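Down below is the structure, laid out as structure tokens.
The values are calculated or read from the model by the stated rules, or taken from the named source; none is laboratory data. The structure displayed is predicted, hence computed values, not measured ones. Quick reminder, even Gly has a Cβ in these numbers, built from the backbone with ideal geometry, and neighbours come from all protein chains shown.
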Amino acid sequence: MRGRTAVLFAVMLLAATPLFAWGLDSDNDGIKDRKDDCAATPVGAKVDKVGCPVDSDMDGVSDGIDRCSRTQQGWQVDEMGCPTDTDRDRVVDAQDMCPSTLTGARVDSKGCPWDSDGDSVLEGLDLCAGTPQGYRVDEQGCPVDSDHDGVNEALDRCPQSRHLESVDADGCRVKAPQLFPAGTDTVRLQGLTFEKNQVETPDGSGAILRDVAASLKDWPDVRVEIGVHTDRAGSAATNRELSQRRAEFVKTYLVAQGVDESRLEAKGYGEGGRVVERVIELRSIK
């Protein structure tokens, strides 16, 4: 009895299966399998009445998936159906006459970059887009200034200026001012003095002495006496010896800056003379 029941159940199951299959839609495209000529339609694709994907612009990407559904025929597209732009210059490959444009360069309607100032650095990459023709430029399109004096090579008549040297519009070094203005033969080094009982000038005073050295080197006919005075604290002999040592220190410093020693005389006045404070004076000598 049980055997007959099992056989009967199997027969009924086989008979019912086509009825269930009759209403199936395996690819969920809205077309039942029995009428679907394209049973493996991608999810999201629009289909025709026989279940096959529609591709209005014929780019190989079905409508419903195609984000650029009006692509012109023959254009290469990506997986979303949009025209490819390999160099990302906003001109699609199918219309791009220059498909390998550098990133950041500006392009025309044909996808080609231009160089308005003719310096071989493209617009969009050129940080100095108005460079006159003939100027040598760096990778950013700006005129080269090899000695870093603020005057580019095309205009620099002295292209080997020293670091931090003052130059004129032609890139040539500007002479330092003369030590002695017209009608004077003595100057006091303002802002430069000595600490009590010290021989060396304080830290930070080097700039003043460097300016003196620069002037002496630019005006080689000038000879100077380095006169050092002390205040009245201490004995006269001690002050005279201290002032001489200070004058020698200044002389040594200037020589180290490149001034010819024969142009310098060191003179320690001590507490004598008209000056009653710790100062340095330069006097023009013949």
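Out of all the residues in the range 62-83, which are loosely packed, with under 14 Cβ neighbours inside 10 Å and among the hydrophobic types (A, V, I, L, M, F, W, C)?
Residue satisfying the conditions is 80 alone.
Scanning the range 191-205 for residues that are in contact (Cβ under 8 Å) with a residue 12 or more places away in the chain and either among the polar types (S, T, N, Q) or not in a loop (DSSP other than H, G, I, E, B) (or both), which turns out surrounded by the most Cβ atoms within 10 Å (Cβ to Cβ)?
For the range 191-205, the residue satisfying everything is 201.
Does residue 181 meet the test of being touching a helix residue (DSSP H, G or I) at 6+ places or on another chain (Cβ under 9 Å), loosely packed, with under 11 Cβ neighbours inside 10 Å and either at pLDDT below 85 or farther than 18 Å from residue 275 by Cβ (or both)?
no
Restrict the check to the range 104-113 and report whether at least one residue is outside any loop (DSSP other than H, G, I, E, B), surrounded by 16 or more Cβ atoms within 10 Å (Cβ to Cβ) and touching a Ser or Thr at 6+ places or on another chain (Cβ under 6 Å).
yes
Can you run down the residue pairs with Cβ atoms below 7 Å, 6 or more apart or on separate chains, where the first is in the range 212-237 and closer than 12 Å to residue 262 by Cα and the partner is small (Gly, Ala, Ser)?
That search, which allows pairs on different chains as well, returns 222/284; 224/284.
Condition test on residue 187, is it hydrophobic (A, V, I, L, M, F, W, C) and not in a loop (DSSP other than H, G, I, E, B)?
yes
Of all residues in the range 114-143, which are on the phi > 0 side of the Ramachandran plot and surrounded by 18 or more Cβ atoms within 10 Å (Cβ to Cβ)?
Matches in the range 114-143: 141 only.
Considering only residues of the range 95-107 that are under 27 Å from the mean Cα position of the chain (by Cα) and not aliphatic (A, V, I, L, M), which is farthest from residue 141 (Cα to Cα)?
Ranking the qualifying residues of the range 95-107, first place goes to 100.
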